[in-house]
Amino acid sequence: MPANKPYVVGLTGGIGCGKSEAASFLERLGAAHLDADAVSRTLTAAPGSAPSPLTGAALPEIRRVFGDGVFREDGSLDRRALASVVFSDPAARRTLEGILHPLVQRAMLEGMDAARRAGAKVVILDVPLLFETGMDALCDETWTLVAGRETQIARVAARDGLPREAVEARIDSQLSSEARAARATRAISTERPVEKTRAELQQLYQAALKRAGE
């Protein structure tokens, strides 16, 4: 199998900015897609619920630190209960991140190695906290999806059925769109028809493919 290192694009964006849709589109174009959120969900899934050695790996430490109150009677994680704790307490959020992020990063590194062995030319490293965790250092370039605050609030409220205050707390817990845009190689607006955003993503992907072959 080809051993050349793939071209790695870090993809990020705040909640409600359209990152997941962008990542899915890039995957359809042919990119290898490594999803930090999916890894995190596996780490906090009920043991045995998914065929992965990562399944539930973070649960013992989460229970030790946050207690039984963030778990259901069947032993599964009560994600809403945990979210209500960490999005109202920055120290609690940092503690949870300290549990999850090393495990997520290890899994992403393993995924990058698997993509290299499979001969992938472009890998999309899909990480909401790309800059906060320092995982941008693994990337050849970084793209961030951006949208206005009111757009973010409306999208997340409609998607998750959360009140405005809860959505704002989640937005405020993350790096701002402006700060991401200042650090990213490219900021991509989703405040326009989806066809225009996809056209820009396709152009950027083709340029990444070209760089991968250099």
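The values are calculated or read from the model by the stated rules, or taken from the named source; none is laboratory data. None of these values were measured; they are calculated from a predicted model. Positions of Cβ are backbone-derived with ideal geometry, glycine not excepted, and every protein chain shown enters the neighbour counts.
For the reader, a short list of remarks on this structure follows.
- Filtering ALA184, ALA137, ALA118, ALA107 for residues that are touching a strand residue (DSSP E or B) at 6+ places or on another chain (Cβ under 6 Å) and under 16 Å from VAL8 (Cβ atoms) leaves a single hit, ALA184.
- Taking the stretch 167-212 as the range and being surrounded by fewer than 13 Cβ atoms within 10 Å (Cβ to Cβ), among the acidic types (Asp, Glu) and closer than 30 Å to GLY119 by Cα as the test, only GLU195 passes.
- Criterion violated by GLY48 - all others in (1) more than 23 Å from VAL167 (Cβ to Cβ); (2) out of contact with any Gly (no Cβ under 9 Å at 6 or more places or on another chain) satisfied: (2)
- Total residues in the stretch 195-205, condition within 16 Å of LEU11 (Cβ to Cβ) and either out of contact with any strand residue (DSSP E or B) (no Cβ under 8 Å at 6 or more places or on another chain) or of a type in the set (Gly, Ala, Ser) (or both): 3
- Taken over the stretch 136-148, the criterion of being free of Cβ contacts under 8 Å to residues at least 60 places away in the same chain and either closer than 20 Å to TYR205 by Cβ or in a loop (DSSP other than H, G, I, E, B) (or both) is satisfied by GLY148 alone.
- For ASP89: the one exception among (1) in contact with a strand residue (DSSP E or B) (Cβ under 6 Å, 6 or more places away or on another chain); (2) of a type in the set (Asp, Glu); (3) at pLDDT below 95: (1)
- Tally of residues being closer than 19 Å to VAL39 by Cα and surrounded by fewer than 14 Cβ atoms within 10 Å (Cβ to Cβ) across the stretch 79-108: 6
- Test for VAL156: is it touching a residue at least 60 places away in the same chain (Cβ under 8 Å), β-branched (Val, Ile, Thr) and surrounded by fewer than 16 Cβ atoms within 10 Å (Cβ to Cβ): no
- The set of residues in the stretch 149-189 that are modelled with pLDDT under 95 and assigned to a loop (DSSP other than H, G, I, E, B) comprises GLY161, LEU162, PRO163, SER173, GLN174, LEU175, SER176.
- Near pairs, Cβ below 9 angstrom, 6+ apart or cross-chain, from the stretch 57-72 (closer than 20 Å to SER88 by Cα) to any residue that is part of a loop (DSSP other than H, G, I, E, B) and of a type in the set (Asp, Glu): GLY69/ASP78; VAL70/ASP78; PHE71/ASP78
- Residue match in the stretch 125-135 (condition: within 16 Å of ALA32 (Cα to Cα), polar (S, T, N, Q), in contact (Cβ under 8 Å) with a residue 12 or more places away in the chain and not in a helix (DSSP H, G or I)): no
- Residue in the stretch 1-46 that is surrounded by the most Cβ atoms within 10 Å (Cβ to Cβ), counting only those that are in contact (Cβ under 8 Å) with a residue 40 or more places away in the chain, part of a loop (DSSP other than H, G, I, E, B) and among the aliphatic types (A, V, I, L, M): ALA31
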